[in-house]
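K.L.:
Just passing along the structure, written as structure tokens.
The values are calculated or read from the model by the stated rules, or taken from the named source; none is laboratory data. The shown structure was predicted, so the numbers you read here are calculated from the model rather than taken from an experiment. Glycine gets a Cβ as well: all are built from the backbone with ideal geometry, and neighbour counts include every protein chain shown.
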Amino acid sequence: MRLWLADMDKPSEFGLGRVGIWTSALDLQPMSKAKEAVIELEELGFRCIWVPEAVTREPFASCGVLLEATKKITMATGIASMYARSAATMNAGWQTLTESFGNRFLLGIGASHQHLVEKVHKTSYDKPYSAMVEYLTAMDNGLFFGAAPAVAPRRVLAALGPKMLKLSAQMGIGAHPYFVPVEHTSFARQILGPGALLAPEVAVVFDTNPQTARETARKFMLTYNRLPNYANNLLRLGWKQEDIAGPDKMPSDAMVDAIVAWGTLETITNRIKAHLDAGASHVSVQVLDADQFALPMSQWRELATVLASFG
């Protein structure tokens, strides 16, 4: 039995809490300030922080520094690109952080996107599902002679479509979907079954003004709504192309409101609960701010006041 199956007898918890934080903002700060923020998030009661990989910090190194600065919180990669490192290197990093911090490290792996793979990593993007199967198999069968972790390393996959969702339960402990409406969470839970971790990212804006809230949301969405992986997923769920990206390349108000929860804390709380009710085990909340380079500390503090309501 592969080691990463060891925690499948705990489907509802996984040690992450019901609500965590997804953020790229930590990468934009000096590491000293990022550590201060993570320490406060832990004190506020959050149990998991998800960090990305694109063209900012290397996530294994960043997670190691932030884990060392804290005592209880889990750091998760959302996601580490399989094209950024070989399977052997990915496995070595996974084993090393798990040996050092136990279940406080969760590896999220994804196939990324064609433009990043070809332009940044200078390699071909072909048949990502087959490539992922081959990659995970190479991880599981690869050599690693470092000190072994005392607990089973855990991984999730960045999964949207049926095949990758099934694979995430077969070769990991579950899935970490990104840029998804509530209906995708229901769809994903049906495919994953009851035992797997389902941890969608949910973007939110603490702004009750429809115009400015949607303006902040659209700035965020323009990074993703024209990427085939996300657009095809929304089409599969029944959304129209003119909603996803119309002639002006902008998403419709309906699409904005489905992807990004904006408004009062109560409105945002209700959206998180909607994902949990639809089958999410854990929701990773990405707070969007009009100043995309700022740490949204005030919003994180406000969100922390309702953590207990999620159970």
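K.L.:
Filter segment 116-130 for residues that are more than 20 Å from Pro52 (Cβ to Cβ) and surrounded by 11 or more Cβ atoms within 10 Å (Cβ to Cβ); which is modelled with the highest pLDDT?
P.N.:
Tyr129
K.L.:
Right, next: Residues that are aliphatic (A, V, I, L, M), at least 3 per element: which helices (runs of 4 or more DSSP H) completely within segment 239-287 meet that?
P.N.:
Qualifying helices (runs of 4 or more DSSP H): 253-259, 265-277.
K.L.:
Please work out which one of (1) out of contact with any Phe, Trp or Tyr (no Cβ under 7 Å at 6 or more places or on another chain); (2) surrounded by fewer than 21 Cβ atoms within 10 Å (Cβ to Cβ) is the condition Tyr224 fails and give its number.
P.N.:
Here Tyr224 clears every test but (1).
K.L.:
May I pose another question? Which residue pairs have Cβ atoms under 6 Å apart, sit 6 or more places apart or on different chains, and have a first residue in segment 1-29 that is farther than 20 Å from Gly45 by Cα and at pLDDT 65 or above and a second that is part of a loop (DSSP other than H, G, I, E, B) and among the β-branched types (Val, Ile, Thr)?
P.N.:
Asp27/Thr56
K.L.:
Picking from Asn103, Asn91, which residue would you name as being surrounded by fewer than 21 Cβ atoms within 10 Å (Cβ to Cβ) and either modelled with pLDDT of 95 or more or part of a strand (DSSP E or B) (or both)?
P.N.:
Asn103
K.L.:
Farther than 20 Å from Thr305 by Cα, modelled with pLDDT of 95 or more and either buried (at least 20 other Cβ atoms within 10 Å of the Cβ) or in contact with an Asp or Glu (Cβ under 6 Å, 6 or more places away or on another chain) (or both) - does that describe any residue in segment 259-270?
P.N.:
yes
K.L.:
Here's another thing I want to ask about it. Only one of (1) of a type in the set (Ser, Thr, Tyr); (2) surrounded by fewer than 17 Cβ atoms within 10 Å (Cβ to Cβ); (3) in contact with a Gly (Cβ under 8 Å, 6 or more places away or on another chain) is not met by Ser168, so which one is it?
P.N.:
(2)
K.L.:
Turning to a different aspect of this structure: Would you check which residues across segment 30-54 are within 15 Å of Val65 (Cα to Cα), part of a helix (DSSP H, G or I) and free of Cβ contacts under 8 Å to residues at least 12 places away in the same chain and list them?
P.N.:
Ser32, Glu36
K.L.:
Kindly provide the set of residues from segment 200-236 that are assigned to a loop (DSSP other than H, G, I, E, B) and closer than 25 Å to Val156 by Cα, ordered by number.
P.N.:
Pro200, Thr223, Tyr224, Asn225, Arg226, Leu227
K.L.:
Now, a different point. Being polar (S, T, N, Q) and either over 15 Å from Ala217 (Cβ atoms) or within 21 Å of the chain's Cα centre (by Cα) (or both) is the filter here, so list the residues in segment 265-287 that pass it.
P.N.:
Thr269, Asn270, Ser281, Ser284, Gln286
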